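The values are calculated or read from the model by the stated rules, or taken from the named source; none is laboratory data. Fair warning: this is a prediction, and the values are worked out from it, not measured in the lab. No Cβ is skipped: glycine too gets one built from the backbone with ideal geometry, and neighbour counts run over all protein chains shown. For accessibility, only protein heavy atoms count, side chains too; no ligands or nucleic acids. Shrake-Rupley method; radii C 1.70, N 1.55, O 1.52, S 1.80 Å.
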Amino acid sequence: MPKKKNVVITGGAGFLGSHLSDRFIKEGCKVYCVDNLITGSLKNIRHLSKDKDFEFINHDISKPISIKGRVDYILHFASPASPVDYLKYPIPTLKVGSLGSHNTLGLAKLKKARYVIASTSEVYGDPEVHPQKETYWGHVNPVGPRGVYDEAKRFAEAITMAYRRYHNVDAKILRIFNTYGPRMRINDGRVVPNFIYQALHNKPLTIYGKGNQTRSFCFYSDLVEGIYRLLKSNQSGPINIGNPDEFTILQFAKMVLELSDTKSKLVYRSLPVDDPRQRKPDITLAKKHLKWKPKVKLKVGLQTTIDWFKENIK
Ligand code: UDP
């Protein structure tokens, strides 16, 4: 019998981390879910709490951690991830991307574990190359308000490469594009929960700017599959995982209106500072090396997400 794999998932009680926890439990692994619950929630992992292979550790990963015994995989997913959250927690965001990456890479080195850092399309900043390929160095404003997240993730990529190069840690860099689905926090401020909340309450949908900026939305289940394949592959990245179907925010708002039974209209608000004008992943590498591409169309995933919010925001 092959040994059960032991997996550490930081941010394991968050939106993506909790779906990853589910996946690794399903794969027969033992999951150590590390989260300090500043943006994550015990609600997301309640259904796992009785599983003997699931252990929740309430810990801020920007402080060192020790785990007894063998660790096979480490996925560093802890971080506030919505612009509203990381503006509310700028210093914890910088710390979890820098010190948190240092601590988790140190653990990977000690345990000889395979490592995945959750990086982001934000490392491309307000991109001047479209769609974004992994070779693009990006266009980030380090001193703007989003700099706390973007630079934390850029540092996380740099320290991951350093541990690869100097300590031979089997470390991989994943760049995640806008992802949505059940377990997003209704008040996290991102466009998906904001518009759904507004539509379900017959309030106007708040379009920032003219709504001609674009995003490409990936359903969580596609993302989880991509992450799993990256972990199991011999690829180290950086590799984009996202859905290349691109929409303007105005098109997206109209889709939310169409799929929700709502009387909501649209209102226009000012565009946040440094809000990227366009974003779309080039997924050539993921298709070629991971044999991965997204399956869930936006309309289908969005309907599932709207239905989930209907049930969960009473
Ligand atoms: N946005 C919007 N209305 C909202 C929330 C967001 O028009 O109520 C826009 C935002 O300005 C951005 C896009 O939607 O252009 C995606 O924003 P989000 O916060 O989801 O994530 P980002 O991709 O900017 O990290």
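Laid out as a table, the results:
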{"item": "Among residues of the range 59-99, those that are open to solvent by less than 20 Å² (accessible area, probe 1.4 Å) and among the acidic types (Asp, Glu), counted", "result": "1"}
{"item": "Long-range neighbours under 6 Å by Cβ, at least six apart or interchain, first residue over 13 Å from residue 82 (Cβ atoms) within the range 180-201, second open to solvent by 50 Å² or more (accessible area, probe 1.4 Å) and more than 8 Å from the ligand (Cβ to nearest atom)", "result": "181/220; 182/308"}
{"item": "Search result, residues across the range 216-232 that are among the aromatic types (Phe, Trp, Tyr) and within 16 Å of the ligand (Cβ to nearest atom)", "result": "217, 219, 220"}
{"item": "Among the residues listed as 86, 149, 115, 166, the single one being at pLDDT below 95 and within 30 Å of residue 66 (Cα to Cα)", "result": "86"}
{"item": "Those helices (runs of 4 or more DSSP H) lying entirely in the range 233-314 with at least 1 residues within 16 Å of the ligand (Cβ to nearest atom)", "result": "249-259, 298-312"}
{"item": "Residues located in the range 1-53, provided they are in a loop (DSSP other than H, G, I, E, B), in contact with a helix residue (DSSP H, G or I) (Cβ under 7 Å, 6 or more places away or on another chain), open to solvent by 20 Å² or more (accessible area, probe 1.4 Å) and of a type outside the set (Val, Ile, Thr)", "result": "51, 53"}
{"item": "Of residues in the range 187-215 being within 8 Å of the ligand (Cβ to nearest atom) and basic (Lys, Arg), the one surrounded by the most Cβ atoms within 10 Å (Cβ to Cβ)", "result": "215"}
{"item": "Candidates 130, 139, 167, filtered to the one that is in contact with a strand residue (DSSP E or B) (Cβ under 8 Å, 6 or more places away or on another chain) and surrounded by fewer than 18 Cβ atoms within 10 Å (Cβ to Cβ)", "result": "139"}
{"item": "Failed item in (1) assigned to a loop (DSSP other than H, G, I, E, B); (2) farther than 29 Å from residue 273 by Cβ; (3) among the polar types (S, T, N, Q), with residue 135 passing the rest", "result": "(2)"}
